[in-house]
Structure formats: structure tokens, C-alpha cells
Amino acid sequence: MATNANVPEPQNEYSNERSPLLAGPRISQPINGIEENCEHEQGADDAAKTSNGVNVQRSASPVTVVLVLIVGVFIAQLDVSYVLTTHSIVASEFGQLSNSSWIILGYSLAMCAVQPLFGKLSDAFGRKECLIIAYTFFAIGSLVCGIANSLILVVLGRVIAGIGGAGANVLVSLILLDLVPLREVASLRSYVNIAATTGRSLGGPIGGFLADTIGWRWSFILQCPLLAVAAILAWFLVPHKDHTGKQEKSILARLARIDFIGAGLLATAITTLMMAVELLGQRLRWNHPILLGLVAASTVSGVLFLATEAYWAPEPVFPLHLLKKRDVVCSYLMLGMQVAAQLGLMFCVPVYFQVTQNASASLAGAHLFPAVGGNAIGSLITGMVIKRTGRYKILAVSATMVAGICYTLLILRWHGDTNWAESLYIIPGGFGSGMAESAIFIGLTASVDPSLHAIALSGLFQSTNIGVIGGLTASSAVLQAVLKRELDHTLTGYKHKQKIIEDAVSSIDYVLHSKGRLRDILVKAYVVGLEYTHGVSLICVAIAFVASLFIRQRNL
């Protein structure tokens with residue numbers, strides 16, 4: 001690695017502070033510490049054009065648009081949090097605790113499948129229109145989960161919701177990039193992240209409370225009217241933006257620009273590989289025909305995707321030349337690993353407190369609050385530092401080191417008798433993730449041409465989706481494997497040992513209602529298994545640390 005990696009390069013042609021969404025005479029107004037550039041020209045409905053070549057219909061001020069986006073961000077993160085808290089309860093109702101990770105993985109796999117499309121679709125049809133479609137999918141998926149009578153239908157609902165979640169993620173970020181200059185984007189995103197963190201903070205306790213009182217189904221059903229409000233606000237207040245410059249009127253002409261074949265091949269390659277990893281970790285041996293078939297399908301699809309993007313696609317869904325950029329690859333790898341580590345943490349924390357302290361679902365979910373609070377603070381501080389100094393690499397490197405402290409403490413100190421002070425050890429994990437997300441977002445957008453922002457950011461969110469799946473799959477697989485191993489060893493001499501192991505792995509309720517020495521054995525086995533999952537998270541942040549060292553600092 002070059003010794004001057006931390007030294008800012010000459011002014012990057014891609015990272016100048018361009019005119020934001022509104023051009024022309026400006027009136028600067030301080031909003032939450034951010035200098036908002038508001039335009040007041042005659043004919044407020046006339047189209048403005050940024051230096052990026054983006055035509056914008058002036059129908060709302062930037063602060064209004066941000067407030068609208070906050071509604072959708074809040075709902076989406078509320079969903080993520082209470083699903084992390086209640087997935088074990090939902091699966092246990094159907095007697096399939098060992099399959100509970102599919103409730104989360106179904107959502108994440110769907111996001112992986114459609115994530116690359118939303119950037120291109122928003123270029124062809126507009127950010128606002130695609131955002132409303134994303135909210136619609138999210139609402140339909142939530143409704144399906146709420147009325148499902150089997151785990152399969154719950155997972156199907158999460159898949160539909162995941163399609164909406166994929167769009168909401170990338171579109172909110174793209175709209176923010178249109179609002180303000182790049183150097184201020186991290187600061188603006190930090191305020192949006194407060195809404196996201198609030199949603200994640202409240203989602204666990206709310207989801208747990210609903211699960212303990214009127215039932216977990218209402219945590220999904222109640223999203224639908226909230227998403228309807230978010231869609232209506234977006235329709236009236238988010239401005240339409242033309243990113244094509246071609247003013248194509250025909251829907252078919254716009255659709256013809258989308259590389260659906262490449263997107264389908266990429267989706268197949270990723271989802272089949274992730275399914276193979278999940279099945280390998282939980283049920284099937286490595287040489288099982290189903291697993292081998294999934295790996296073969298992933299390999300063939302991946303090769304065909306590369307060939308399509310390199311030789312046939314007129315407008316590739318993901319231009320391969322982006323993968324030749326060191327900053328792009330390192331950004332994807334770092335954030336993916338950081339997310340994998342944090343999701344492993346958030347998957348296991350509620351289980352830990354339910355098993356060791358007999359905590360209710362709502363209380364177990366509340367134990368995630370220190371991590372999501374740390375996430376908000378980390379993102380906010382990072383945004384402020386980047387706005388003042390323009391430096392993001394040192395923050396990215398520091399983020400992995402801070403997160404590593406968290407997982408080290410959990411391995412060393414969480415042994416089943418955790419007090420309130422020790423429960424706060426998860427704060428550095430959330431803090432580091434908030435830092436990494438903000439720093440990498442700016443680093444990536446600064447390293448690519450503005451015309452590639454939509455595609456590059458779709459790839460970034462794709463890497464986080466893979467990180468979610470990888471982190472959850474690895475944590476679930478490690479927990480299941482260690483749990484079975486420990487119980488097989490410590491239950492020697494017990495009658496119906498295999499039945500006990502099967503019940504303990506399938507339902508937390510079995511552990512909670514066990515008594516005496518058997519309960520001690522089950523709790524200890526869970527604690528050992530969860531310690532190993534924290535080891536997986538520590539390995540992930542170590543990889544992220546190495547990747548962060550190779551990211552170059554550019555002038556903003």
C-alpha cells in the first residue's frame with residue numbers, strides 16, 4: 001500500500017461542490033446547522049438544471065423533501081428493528097425456530113435481487129415515481145405477513161416487502177444527492193439517519209410489546225396506513241427530476257434502456273449462492289444434490305452476467321469498469337463486512353437476553369437501543385466532521401477499530417450474567433457502523449462520475465444486502481452448529497437426548513420453560529454459541545479494517 005494513501009489527491013473532477021438541486025440566485029437559510037440553498041426565481045415551476053445535467057421541477061424546497069423522506073425512512077427502519085426482535089417469536093408460533101432467519105433473509109434476498117434495477121429505473125422514470133412504487137410493494141408485503149397462516153407466507157410477505165425496501169434505500173440517497181453539494185450530503189444524511197435510528201430504536205420495543213399483547217401480526221399490518229401517508233406526501237411534495245436528458249415519452253422506450261437480462265442474471269447468481277450458504281449452515285451436507293445445484297446455478301448465472309455486461313448490454317445494469325476502481329471495490333467490501341458484523345450482533349442480542357434473563361420480547365428488543373443510539377451518534381458526528389474538514393478516510397478506518405472493541409468485549413464479558421453496565425458494550429458496534437456508513441457513502445460518490453452515482457450506489461446497497469445475508473447466515477449457522485455440539489456433549493446420559501436438542505434448537509420457549517439442571521445446560525450452550533457468533537463479527541470488522549486502509553482520500 002502506498003505510504004501517502006492518506007494524503008488528499010488533487011481536486012477530483014467528480015467531487016467538486018456542484019450546484020445542488022436548485023440553481024440561480026439563492027437565499028441561504030440555516031436548517032439544523034446545514035446551510036440550505038433555497039431558490040426563489042420567477043416561475044417557480046420552471047425546470048432548473050444542475051451542472052450534473054439533471055432537470056428538476058421546482059415543486060418543493062429541499063427541507064420539505066427531506067421531511068417527506070424521513071417518514072419513509074422511519075417506517076422502513078421501524079420494520080427492520082422489530083423483525084430482528086420478533087423473528088424468533090414468529091417462527092416459534094409455527095414450530096420452526098431453526099428457520100427463523102429466513103424471515104430476515106427473505107427480505108434481504110429480495111433486496112439483492114432487485115437492488116441493481118432501481119438506480120436505472122429511477123434514471124428512466126424519475127426518483128419520485130419509483131419511490132412511490134417501492135412504498136407500495138412494502139405495504140403489500142407487510143399486509144401479507146400480517147395475515148399469513150404459515151411461515152412460508154410470512155417469508156413470502158418479507159420477499160415482497162424487500163422489493164420495496166430495495167427501492168427506498170437507494171432512492172432516498174439519490175434524492176439527497178440532488179438536493180445539496182457533495183460535501184454537505186453526509187451532514188444531511190446524518191439528520192435523516194436520526195429518523196432511521198429513531199425507527200430502529202422504537203421498532204424493537206414496539207414490536208415486542210405488540211407481540212406480548214395483541215400479537216406480532218399487528219406490527220406488520222399497522223405499517224400499511226403509515227406507508228400510504230408516506231406515498232401521498234411523496235407524490236405531492238417530492239419534485240420530479242429528469243435524469244435522462246432525452247425526454248423519452250414512451251414507456252416502452254424507457255424500459256428498453258433497462259438491462260433486465262443482466263439484472264436477472266445477477267439476481268439469480270446472488271440469491272442462489274446465498275441460499276446455498278444458508279442451507280449448508282443449517283441442514284444440508286456440502287455434497288447434497290440441492291446444494292450442489294444451487295452452487296452450479298450461481299456459477300453459471302455469474303458467468304453469463306459478466307458476459308452480458310461486457311459484450312451485449314447497451315446500457316449495463318452494472319458497468320464492469322467500476323470494479324476496476326480500487327476505491328469502489330474497497331468501499332463495497334468494507335461496508336459489506338461492517339454490516340455483516342452489526343447484523344450478526346443485532347440478530348443475537350435479543351436471543352441472548354431472552355435465554356439468559358428470561359426477558360420478554362419487548363425487553364429483549366429494548367436491549368438493542370444502545371447499539372442503534374450509537375449508530376445515530378456516529379453518523380451525526382461523522383457528517384459534521386466531513387462537512388467541516390472534507391476528510392472521510394480516517395473516519396472509515398476508525399469506524400472498524402471502534403466496532404472491533406465492541407465484539408471483543410462481548411466475547412470476553414458476556415457469559416450469561418450480564419448487568420446493565422455490561423449491556424452497554426454494544427454501543428461501539430453501533431457507533432462504528434454509523435461512522436462507516438456515512439464515510440463510505442461520501443467516499444464512493446466522490447470517486448465516480450456523477451452520471452454513475454445511481455449505479456454505484458445501487459452496488460453499494462447491494463454490498464450491504466449481501467452483508468446482511470452473510471452476517472445473519474453465518475451467525476445463525478454458527479449458533480446452530482455450536483448449540484448442537486454443546487448439547488450433544490453435555491446431555492450425555494439424558495433420556496430422549498435428541499428430542500431435547502431438537503426442541504431446544506427449534507424454540508426459545510422450550511428453554512424458557514425448562515427447569516433445574518436441564519435449564520442450566522441449555523442456557524450455557526446458548527451462551528457458548530452466541531460467543532462464537534461474536535467471533536464471526538470480529539473477523540468481519542477485521543476484514544473491513546484492511547479494506548478501509550486502501551480507500552483513497554479525495555478533496556471535496
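The values are calculated or read from the model by the stated rules, or taken from the named source; none is laboratory data. Please read these numbers as outputs of a predicted model, since none were measured by experiment. A quick note on method: Cβ atoms are made from the backbone with ideal geometry, for glycine too, and the neighbour counts reach across all protein chains shown.
Does any residue of the stretch 491-509 turn out to be in contact with a Ser or Thr (Cβ under 7 Å, 6 or more places away or on another chain), touching a residue at least 40 places away in the same chain (Cβ under 8 Å) and of a type in the set (D, E, K, R)? Looking through the stretch 491-509, at least one residue is in contact with a Ser or Thr (Cβ under 7 Å, 6 or more places away or on another chain), touching a residue at least 40 places away in the same chain (Cβ under 8 Å) and of a type in the set (D, E, K, R). Of Y526, Y510, all but one fail to be crowded, with 22+ Cβ neighbours inside 10 Å and among the aromatic types (F, W, Y); the exception is Y526. Looking across the stretch 320-355 at every residue that is over 28 Å from G434 (Cα atoms) and touching a Leu at 6+ places or on another chain (Cβ under 9 Å), the one that is surrounded by the fewest Cβ atoms within 10 Å (Cβ to Cβ) is identified as L320. Might you check whether a residue that is aliphatic (A, V, I, L, M), within 30 Å of N555 (Cβ to Cβ) and outside any helix (DSSP H, G or I) occurs anywhere in the stretch 164-185? Yes, the stretch 164-185 contains at least one residue that is aliphatic (A, V, I, L, M), within 30 Å of N555 (Cβ to Cβ) and outside any helix (DSSP H, G or I).
Within the stretch 128-149, the residues that satisfy the criterion of being among the aliphatic types (A, V, I, L, M) and part of a helix (DSSP H, G or I) are L131, I132, I133, A134, A139, I140, L143, V144, I147. Listed by position, the helices (runs of 4 or more DSSP H) enclosed by the stretch 425-517 that each have at least 3 residues that are more than 21 Å from the chain's Cα centre (by Cα), in the same structural domain as Y352 (by TED's automatic domain parsing) and not small (G, A, S) are 453-490.
The lone criterion from (1) out of contact with any Asp or Glu (no Cβ under 7 Å at 6 or more places or on another chain); (2) assigned by TED's automatic domain parsing to the domain that holds G535 left unmet by A296 is number (2). Among the residues here, T408 qualifies as more than 23 Å from T197 (Cβ to Cβ) and assigned to a helix (DSSP H, G or I). The helices (runs of 4 or more DSSP H) found entirely in the stretch 208-302 that carry 2 or more residues being buried (at least 17 other Cβ atoms within 10 Å of the Cβ) and either at pLDDT below 80 or not aromatic (F, W, Y) (or both) are 217-221, 223-237, 260-282.
Please tell me if A364 is among the aliphatic types (A, V, I, L, M) and closer than 17 Å to S187 by Cα. Considered against the rule, which asks whether it is among the aliphatic types (A, V, I, L, M) and closer than 17 Å to S187 by Cα, A364 comes out as no. Among the residues of the stretch 313-356, those that are at pLDDT below 90 and not in a helix (DSSP H, G or I) comprise A313, P314, E315, P316, V317, F318, P319.
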